[in-house]
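J.: Starting off with a structure, shown below.
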Amino acid sequence: MKTVEITKESGIPLMGNIAFGIIDRGSSLLQVRPISTCNLSCIFCSTDAGPNSSTHKTGYKIEPNYLIEEVNKIIELKQEDIHVNIDSVGEPASYPDLEYLIKELKKNKKVHFISMQSNGTYFTKDRIDRLEKAGLNRIHLSIHTTDPVQAKILMGIDTYDLKKVLEVAEHISKSKIELLLAPVYLPNINDKELENIIILSKKLNCKLGIQKYETYKHSRKPKGIKKQNYYKFYKQLEEWEKKHDVKLTYQKGELEIEKSSKVRTTIDIGEKINTPVLEDGWFENQKIVAHNNRNITVKKCSANRGDKINLRIIENKNNIYLAEKI
């Protein structure tokens, strides 16, 4: 997989793409995605990330000062204080400038909280200490089993070291960074292990946010898994809550996220544009172009970089733009 470094000079705006940049879904939480690549190939991955990806040939890494500048611009357009969540379609902690990014974003007085997602493999005790000093408030740590053999299977890589990740989890729990364990519930695969993770969360005195397994067009679908609807999912969570005397379900008001106005869309659905290709897209046979301070993904396009193409916008929800060539 090639990795594209996105700089200010690249001409690629940082709003418009699901794989990198800034996403505003109309709340006080702002998603910041500095990098798209991942070191694992989880067998249940919803984005088909990692070395075993069959759909992604291009990854992205954003130059930190460009990202910081653009995040601050978006924050100024929002009315309320902002919770920045550093997440990714891959592994956020693989971003080499993570500590610098957090430290600089925390300088913005409207940023009251910074959280991040991680599989934990890029963490050491020393790096956790540096992230704490930089101002990170919470880590959502993806641990899906306490069985080291099953962990290697679920993570899709033989070198996955569950013991190391658990040691890091314990170190986080003793730091000023809030720890939240975030396993994905895989019915018929890790049911029993989730109860062990519940016990682990009580031992570490940390929060637990069990995630529902979801699939999309390009998601990985492990054999043997039983998909469940939301009723069955929450029914199971409620059973575990009673059995283990632990909180697993949350109301909207408890999530510390408020609705707010969205940053306005700058390109309308149906709008026709003539513009040059800037870079390859996240999926094969896609290209990235720019217009009105947004980047746009063009589907089913084999044009070369620099070629001017005609396109029509077909999606613009949450300032994430898709277009078709015409």
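The values are calculated or read from the model by the stated rules, or taken from the named source; none is laboratory data. All values derive from a computational prediction rather than experimental measurement. Please note: Cβ atoms are built from the backbone with ideal geometry, for glycine as well, and neighbour counts cover all protein chains shown.
J.: Kindly check whether there is at least one residue in the stretch 150-161 that is among the aromatic types (F, W, Y) and either farther than 17 Å from A182 by Cα or touching a residue at least 60 places away in the same chain (Cβ under 8 Å) (or both). Show your work before the answer.
T.: Residues of the stretch 150-161 among the aromatic types (F, W, Y): 160.
Those still in the list that are either farther than 17 Å from A182 by Cα or touching a residue at least 60 places away in the same chain (Cβ under 8 Å) (or both) too: 160.
For the stretch 150-161, residues among the aromatic types (F, W, Y) and either farther than 17 Å from A182 by Cα or touching a residue at least 60 places away in the same chain (Cβ under 8 Å) (or both): present.
J.: Working only within the stretch 22-45, note down all residues that are of a type in the set (S, T, Y) and outside any loop (DSSP other than H, G, I, E, B). Outline the logic, then answer.
T.: From the stretch 22-45, those of a type in the set (S, T, Y) are 27-28, 36-37, 41; that's our starting set.
The one that is of a type in the set (S, T, Y) and outside any loop (DSSP other than H, G, I, E, B): S27.
J.: Suppose we keep only residues that are outside any strand (DSSP E or B) and charged (D, E, K, R) within the stretch 264-308. Which one would you say is surrounded by the most Cβ atoms within 10 Å (Cβ to Cβ)?
T.: So the first thing to find is which residues in the stretch 264-308 are outside any strand (DSSP E or B), and the list is 264-271, 277-278, 281-282, 284-286, 292-293, 300-307.
With charged (D, E, K, R) added as a condition, the list becomes 264, 268, 271, 284, 300, 305, 307.
Working: R264: 8, D268: 9, E271: 15, E284: 12, K300: 9, R305: 11, D307: 11.
Per the stated criteria, the residue is E271.
J.: Moving on to the next point. Condition first: crowded, with 16+ Cβ neighbours inside 10 Å and among the charged types (D, E, K, R). Now tell me which residues in the stretch 133-158 satisfy that.
T.: Listed by number, the residues that qualify are R138, K152.
J.: A further question on this structure: Say we look at the stretch 226-279 and pick out the residues that are more than 23 Å from the chain's Cα centre (by Cα) and β-branched (V, I, T); which of these is farthest from T297 (Cα to Cα)?
T.: Restricting to residues being more than 23 Å from the chain's Cα centre (by Cα) and β-branched (V, I, T), the top hit is V246.
J.: Sticking with this one: It is to be established whether one or more residues within the stretch 66-78 are among the aromatic types (F, W, Y) and farther than 24 Å from R264 by Cβ. Reasoning before the result, please.
T.: Within the stretch 66-78, the subset among the aromatic types (F, W, Y) is 66.
Now narrow it down to the ones that are farther than 24 Å from R264 by Cβ: none.
Scanning the stretch 66-78 turns up no residue that is among the aromatic types (F, W, Y) and farther than 24 Å from R264 by Cβ.
J.: When residues of the stretch 290-308 are filtered for being among the hydrophobic types (A, V, I, L, M, F, W, C) and over 25 Å from I22 (Cβ atoms), how many remain?
T.: Kept after step one, since they are among the hydrophobic types (A, V, I, L, M, F, W, C), are these residues of the stretch 290-308: 290, 296, 298, 301, 303.
Cutting the leftovers down to over 25 Å from I22 (Cβ atoms) gives us 303.
The number of residues fulfilling the criteria is 1.
J.: Quick check, is I210 of a type in the set (A, V, I, L, M), closer than 24 Å to V84 by Cα, in contact with a strand residue (DSSP E or B) (Cβ under 6 Å, 6 or more places away or on another chain) and at pLDDT below 95? Before you say what the answer is, go through the steps one by one.
T.: Working: of a type in the set (A, V, I, L, M): yes; closer than 24 Å to V84 by Cα: yes; in contact with a strand residue (DSSP E or B) (Cβ under 6 Å, 6 or more places away or on another chain): yes; at pLDDT below 95: no.
When the stated conditions are applied, I210 does not pass them.
J.: Considering the stretch 195-246 alone, what residues qualify as being under 27 Å from T55 (Cα atoms), among the charged types (D, E, K, R) and in contact (Cβ under 8 Å) with a residue 40 or more places away in the chain?
T.: Correct list: E214, R220, K221, K227.
J.: If I filter the stretch 10-21 down to residues being under 19 Å from I74 (Cα atoms) and not in a loop (DSSP other than H, G, I, E, B), which single residue comes out as nearest to the chain's Cα centre (by Cα)?
T.: Per the criteria, the residue is G21.
J.: Residues in the stretch 68-75: is at least one in contact with a Phe, Trp or Tyr (Cβ under 9 Å, 6 or more places away or on another chain) and over 29 Å from K300 (Cα atoms)? Spell out the reasoning first.
T.: If we filter the stretch 68-75 for residues that are in contact with a Phe, Trp or Tyr (Cβ under 9 Å, 6 or more places away or on another chain), which is where we start, we get 68.
Retained after the next criterion (residues that are over 29 Å from K300 (Cα atoms)): 68.
Scanning the stretch 68-75, I find at least one residue that is in contact with a Phe, Trp or Tyr (Cβ under 9 Å, 6 or more places away or on another chain) and over 29 Å from K300 (Cα atoms), so the answer is yes.
J.: Before we move on, is S115 within 19 Å of the chain's Cα centre (by Cα), under 17 Å from I22 (Cα atoms), among the small types (G, A, S) and surrounded by fewer than 22 Cβ atoms within 10 Å (Cβ to Cβ)?
T.: Details: within 19 Å of the chain's Cα centre (by Cα): yes; under 17 Å from I22 (Cα atoms): yes; among the small types (G, A, S): yes; surrounded by fewer than 22 Cβ atoms within 10 Å (Cβ to Cβ): yes.
Spelling it out, S115 is indeed within 19 Å of the chain's Cα centre (by Cα), under 17 Å from I22 (Cα atoms), among the small types (G, A, S) and surrounded by fewer than 22 Cβ atoms within 10 Å (Cβ to Cβ).
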